[in-house]
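Enquirer: Can you keep this structure in mind? I'll have questions shortly.
The values are calculated or read from the model by the stated rules, or taken from the named source; none is laboratory data. Note that the structure is a prediction, hence the values are computed from the model and not measured. Glycine gets a Cβ as well: all are built from the backbone with ideal geometry, and neighbour counts include every protein chain shown. Just the protein is used for accessible areas: all its heavy atoms, side chains included, with ligands, DNA and RNA removed. Shrake-Rupley method; radii C 1.70, N 1.55, O 1.52, S 1.80 Å.
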Amino acid sequence: MAGGVINKSPAPPRLLLEMVLVAHVADIHLGYAQYGLGEREADIYEAFEELVDVIGKERPEILLVAGDLFDSPRPPIRALMRARELLGRLRSSGIKIYHVIGDHEIPRRVKDLPPTAILEKISEHVGLRNIAIEGDVVITGLDRVRLSERDETLRKLGELATEARRFRKRILLAHAPLRGPENIVKDLPKGYSYYALGHEHDRRIFSLDGSAAAYSGSIEILSTAEIEGWSRSGKGFLLIDFSSNEPIVQEVNLGSIRPQKLISVEVSDLERALVDAAEWSSAQRKKPIIHVRVRGRNIDRQLILRMMQEKLAGRVLHYRYEVLEELEEVGEAEEIPAIDVRTIIRDYLLSKGFHEDEAELAVTIYDAYMSRGIEEVERLILSRLGER
């Protein structure tokens, strides 16, 4: 198995009872089989095992899991077993593990336990509470917040933040969207040393009111929207060095990621693009996944499929295509006022007698489509079917 890749200067000597190194991971999605492929489910297990191996070698004092360790509130048994086995290995080596619950892990029924309950005595859940560590460190946790619970949750979180100020090093561990109406990051309490965030699948390191904040990103490519980010900066996790006054965030990339390529091409150039894709595929360590977007008019979809089969079959794990039909130009149209589609969907369903949770699910599907396309909608549906 390929080892992790990390660029960093040697760490300074560790001080007694002084937290120095923290690992931050999120959005692992154990149990997810992209496009229904067993190989893709196995890819995530492989990346997760590599992640655990690299963390074990780095020897951080703490591992933070910022939600969506699992892809579903009822993941496959294998996913549960791998999580307990691999994280148990880290816990046995002396690494303390803390987690919050992501939106994919929220139980569908009130009395159900989240899948992270399998990690009892391995990882501690810190949702909406403070946990003090070795006297000078505190971790505040925030699970994914439903829109209907936002105001009350932020009030309680503010109280926890006030209590946390008596600690010298403060970490907020949260599964929190950065985009759309459910963006809660801008409202998080200020003053933490580091914000360890989950939900966004592209790695992102930024400043939040002068403090270090980061999304570690997913550990595998889970949608076409993530291909560009992976090709630019990789996939993996983060190491945070607390040995100085300001935390230093370091990126760690995994080597076991299955390559994916997104090709956008005019129909007239399709054959050449597929030849290039086949050549690129042959040079990869793993058979990749190829996505092709074909633009043009009056496109013969059967011809596209035959060309892809001819050029890519046997060279890739999987290939997909979509057609973007170009329309005839029309005259300039009048500007259409903005429409709040989310509110329309919610209000309509509630007016028809649907429960609040059902209306929220419909809005979730709409948000999934708008943020990551039909793949994310497909993923939600497969996840729900897998629970039944």
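Enquirer: Considering only C-alpha atoms, what is the centroid distance from the stretch 286-302 to the stretch 24-46, in Å?
Expert: With the stretch 286-302 and the stretch 24-46 each reduced to a Cα centre, they are spaced 24 Å.
Enquirer: State which entries of 287/311; 96/186; 286/311 exceed 20 angstrom in Cα-Cα distance in the structure shown.
Expert: 96/186
Enquirer: Turning to a different aspect of this structure: Based on the alpha-carbon gyration tensor of the stretch 47-139 and its eigenvalue square roots a ≥ b ≥ c, which shape applies: rounded if a/c is under 1.5, prolate if not and a/b is larger than b/c, or oblate?
Expert: oblate
Enquirer: Let me ask you something else. Using 7 Å Cα-to-Cβ label points, what is the residue 326/residue 81 separation (nm, one decimal)?
Expert: 5.3
Enquirer: Using modelled backbone amide H atoms (1.01 Å from N, in-plane), which distant-in-sequence or interchain residues come within less than 5 Å of residue 32's amide H?
Expert: Counting only residues 5 or more places away or on other chains, the set is 71.
Enquirer: Can I ask one more? Please express the Cα-Cα pair-distance distribution P(r) of the stretch 192-266 as a list of whole percents, one per 10 Å bin, running from 0 to the bin with the greatest distance.
Expert: 19, 44, 25, 9, 2, 0
Enquirer: So what are the three principal axis dimensions of the stretch 16-77 from its Cα atoms, in whole Å, longest to shortest?
Expert: Largest first, the stretch 16-77 extends 48, 22, 17 Å along its Cα principal axes.
Enquirer: Local charge sum around residue 124 (other residues, Cβ-Cβ under 12 Å, Lys/Arg +1, Asp/Glu -1)? Before the final figure, lay out each step's value.
Expert: Numbers: positive: 91, 96, 121, 129; negative: 120.
Once positives and negatives cancel, what remains is +3.
Enquirer: Rank 223, 148 by accessible area, highest first, at a 1.4 Å probe radius?
Expert: The ordering from most to least exposed comes out as 148, 223.
Enquirer: Farthest toward the dipole's positive end in the stretch 61-153, which of 63, 102, 76, given Cβ charges of +1 (Lys, Arg) and -1 (Asp, Glu) about the Cα centre?
Expert: Farthest along the dipole direction, towards plus: 76.
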